[in-house]
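The structure under discussion appears below in the form of structure tokens.
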Amino acid sequence: SFAACSSNSGKDDKGTTEAAKTQKVKVIDIALSDEEYAFGVDKKQPELKEKANAFIKELKENGKLDEICNHYFGSGEPAGVTSAAEDSSKDQLVVATNAEFEPFEYKKGDTFYGIDMEIAKALADSLGKELVIKVEAVVTSVQQQKCDIAMAGLTVNESRAKQVDFTDSYYSASQKVVVKGDDTTFDACKTKEDVEKILNG
């Protein structure tokens, strides 16, 4: 999120803090939507879903997920991930992604970056498999068994659950409004409905 902070608590005659007057942007701290991200697994591979869930649990508990997220939301450095060539004679984990949803997945040249791509690499390593990344229609390609698992900032919903089996959630996302620091349009809002009324107006 974008926010400015200051230790200066002085206020003008309108009660506005100096920090509020000088910050460039501010987040309206009311969620317009809440989403859970998970990976979509081929329904004919229940053992992969089970192993992926165990891996997600471990990733959260050992701090590795926070470390990966810090590469994109904090001071860490993104780690590039390369894809092997698909080869049915090898033991591979074939991952479907779209590579256009930064910071979860994107490409620079032939190298993949993003939270999901680093998790994909770690998952493949934990399974003892070679990683193959394919840029495809993520849910459909898994449903049609062209890929084993979809990893693409995938929001869990009922429609997709008919096509793939979702793992446990690994990330919770909210949508919020960001405005200029001196914009007071939403200051009186208390609920999602208050914000939506202004947006729709």
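The values are calculated or read from the model by the stated rules, or taken from the named source; none is laboratory data. A quick note: this is a predicted structure, and the numbers were derived from the prediction, not measured. Cβ atoms come from the backbone with ideal geometry, glycine included; neighbour counts cover every protein chain shown. Side chains are part of the model used for accessible areas, which takes the heavy atoms of the whole protein and leaves out ligands, DNA and RNA. Shrake-Rupley method; radii C 1.70, N 1.55, O 1.52, S 1.80 Å.
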- line: Taking the range 87-108 and keeping only residues that are assigned to a strand (DSSP E or B) and out of contact with any strand residue (DSSP E or B) (no Cβ under 6 Å at 6 or more places or on another chain), one is left with GLU100, LYS107, LYS108
task: Among the residues of the range 157-201, write down those that are over 30 Å from GLN45 (Cβ atoms) and of a type in the set (Asp, Glu).
output: ASP182, ASP183, ASP187, GLU193, ASP194, GLU196
field: Residues satisfying the stated conditions in the range 153-201, i.e. hydroxyl-bearing (Ser, Thr, Tyr) and within 14 Å of the chain's Cα centre (by Cα)
entry: THR155, SER169, TYR170, TYR171, SER172, SER174
Residue check, LEU154 closer than 15 Å to PHE55 by Cα and open to solvent by less than 60 Å² (accessible area, probe 1.4 Å): no
message: Could you check the range 101-151 and list, in sequence order, the residues that are open to solvent by less than 20 Å² (accessible area, probe 1.4 Å) and under 17 Å from ASP87 (Cβ atoms)?
response: ALA124, LEU131, VAL132, ILE133, CYS147
- prompt: Of all residues in the range 54-80, which are β-branched (Val, Ile, Thr) and more than 16 Å from ASP168 (Cβ to Cβ)?
  reply: ILE68
statement: The number of residues in the range 165-192 that are open to solvent by less than 60 Å² (accessible area, probe 1.4 Å) and either in a loop (DSSP other than H, G, I, E, B) or free of Cβ contacts under 8 Å to residues at least 60 places away in the same chain (or both) is 9
field: Extreme residue, modelled with the highest pLDDT, among residues of the range 16-39 that are out of contact with any strand residue (DSSP E or B) (no Cβ under 9 Å at 6 or more places or on another chain) and open to solvent by 40 Å² or more (accessible area, probe 1.4 Å)
entry: ASP29
query: Can you spot a residue in the range 81-89 that is closer than 24 Å to SER172 by Cα, at pLDDT 95 or above and not basic (Lys, Arg)?
result: yes
task: Using the structure shown, decide if ALA161 is out of contact with any Leu (no Cβ under 6 Å at 6 or more places or on another chain) and more than 20 Å from LYS60 (Cα to Cα).
output: yes
query: Which residues, taken from the range 30-68, are acidic (Asp, Glu), closer than 23 Å to ALA161 by Cα and part of a helix (DSSP H, G or I)?
result: GLU47, GLU50
- prompt: Just wondering, is there one or more residues in the range 69-86 that are in a helix (DSSP H, G or I) and without any contact (Cβ under 8 Å) to a residue 40 or more places away in the chain?
  reply: yes
Cβ pairs under 8 Å, 6+ apart, first in the range 125-145 and at positive phi, second modelled with pLDDT of 95 or more and surrounded by fewer than 15 Cβ atoms within 10 Å (Cβ to Cβ): GLY128/ASP91; GLN145/LYS44
